[in-house]
Ligand SMILES: [Zn+2]
Ligand SMILES: [Zn+2]
């Protein structure tokens, strides 16, 4: 009996809360939505013309972007982003991380779900054993109350019928914020920051993160998984800056 009543009570609570504290769009401030349809409409998909390895959008008939052409193969098989980082999506991701709005996680996961409705992704998801979010350090988790990448990963995995294994990867040490660091500084900042569970041996893992900038964090996670015996590691980010805005 409780099972059928509980969701209705939840809906009723939500209606009352929405009436008392109506949501406002985190980007434009319109009342009635956390992320309004006008702003959702302005999110730019990453597109098809991307680097085959890192997923950055590229111009011209090249398979690898200049950064990947200059670097050795990495632990990540490939990374793709759902959308370009900027405009309303930048505001929404900022709000998800810093304004205590966990409900935005499932809303924004819709972009991950839509972006992976492709043949390329169908093949990857068929072999994926588990979705693993990029972990936060326990101290930052305690401060924020949730891991934004885990919220995105959970909504995505549920929709795709995949297992989610947040414990397969842990962050061993606090790393400084990456926002003001160069590409090289980011790499050394996160090197050896992650540990993978031995259960990842011979498994195919799909990493999920909110923003992919230089890829240093995603790559450090993939390296930890590969070191623990993972068979393949793929990356999926909600947003990635256009190539021109990527760091040198
Ligand atoms: Zn809006
Ligand atoms: Zn690339």
Out of all the residues in segment 145-172, which are out of contact with any helix residue (DSSP H, G or I) (no Cβ under 8 Å at 6 or more places or on another chain) and within 12 Å of residue 207 (Cα to Cα)? 149, 157
Can you tell me which residue in segment 33-48 is surrounded by the fewest Cβ atoms within 10 Å (Cβ to Cβ), limited to those that are more than 22 Å from residue 101 (Cα to Cα) and more than 16 Å from ligand 2 (Cβ to nearest atom)? 45
Filter result (in a loop (DSSP other than H, G, I, E, B) and either surrounded by 11 or more Cβ atoms within 10 Å (Cβ to Cβ) or assigned by TED's automatic domain parsing to the domain that holds residue 236 (or both)) within segment 18-31: 23, 25, 26, 27, 28, 30
Being part of a helix (DSSP H, G or I), away from ligand 1 (no atom under 16 Å from the Cβ) and under 19 Å from residue 242 (Cβ atoms) narrows it down to one residue among 64, 112; which is it? 112
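For every residue, the table says whether it meets (1) buried (at least 19 other Cβ atoms within 10 Å of the Cβ); (2) touching a strand residue (DSSP E or B) at 6+ places or on another chain (Cβ under 6 Å).
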residue: 153; (1), (2): yes, yes
residue: 162; (1), (2): no, yes
residue: 165; (1), (2): yes, yes
residue: 170; (1), (2): no, yes
residue: 183; (1), (2): no, no
residue: 187; (1), (2): no, no
residue: 191; (1), (2): no, no
residue: 197; (1), (2): no, no
residue: 200; (1), (2): yes, no
Hey, does segment 82-91 have a residue that's within 22 Å of residue 234 (Cα to Cα), more than 16 Å from ligand 2 (Cβ to nearest atom), assigned by TED's automatic domain parsing to the domain that holds residue 222 and crowded, with 18+ Cβ neighbours inside 10 Å? yes
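Let's see how each residue does on (1) at pLDDT 95 or above; (2) out of contact with any helix residue (DSSP H, G or I) (no Cβ under 8 Å at 6 or more places or on another chain); (3) more than 27 Å from residue 172 (Cα to Cα):
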{"residue": "75", "(1), (2), (3)": "no, no, no"}
{"residue": "93", "(1), (2), (3)": "yes, no, no"}
{"residue": "96", "(1), (2), (3)": "yes, no, no"}
{"residue": "119", "(1), (2), (3)": "no, yes, yes"}
{"residue": "125", "(1), (2), (3)": "yes, no, yes"}
Does residue 83 count as in contact with a helix residue (DSSP H, G or I) (Cβ under 9 Å, 6 or more places away or on another chain), closer than 25 Å to residue 133 by Cβ, within 16 Å of ligand 1 (Cβ to nearest atom) and not in a helix (DSSP H, G or I)? yes
Please verify whether segment 41-58 includes one or more residues that are within 10 Å of ligand 1 (Cβ to nearest atom) and either over 22 Å from residue 119 (Cβ atoms) or not assigned by TED's automatic domain parsing to the domain that holds residue 232 (or both). yes
Kindly indicate which of 188, 177, 149 is without any contact (Cβ under 8 Å) to a residue 24 or more places away in the chain and under 24 Å from residue 90 (Cα atoms). 177
Quick check on residue 12: is it under 26 Å from residue 194 (Cα atoms) and assigned to a helix (DSSP H, G or I)? no
Can you tell me which residue within segment 121-137, out of those that are part of a helix (DSSP H, G or I) and touching a residue at least 12 places away in the same chain (Cβ under 8 Å), is surrounded by the fewest Cβ atoms within 10 Å (Cβ to Cβ)? 127
Hey, can you tell me all the residues within segment 49-61 that are assigned to a loop (DSSP other than H, G, I, E, B) and either within 13 Å of ligand 2 (Cβ to nearest atom) or on the phi > 0 side of the Ramachandran plot (or both)? 49, 51, 52, 53, 54, 55, 56, 58, 59, 60
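The values are calculated or read from the model by the stated rules, or taken from the named source; none is laboratory data. Computed from a predicted model, the values in this text were never measured in an experiment. Methodologically, a virtual Cβ is constructed for each residue, glycine included, from the backbone with ideal geometry; neighbour enumeration extends over all protein chains shown.
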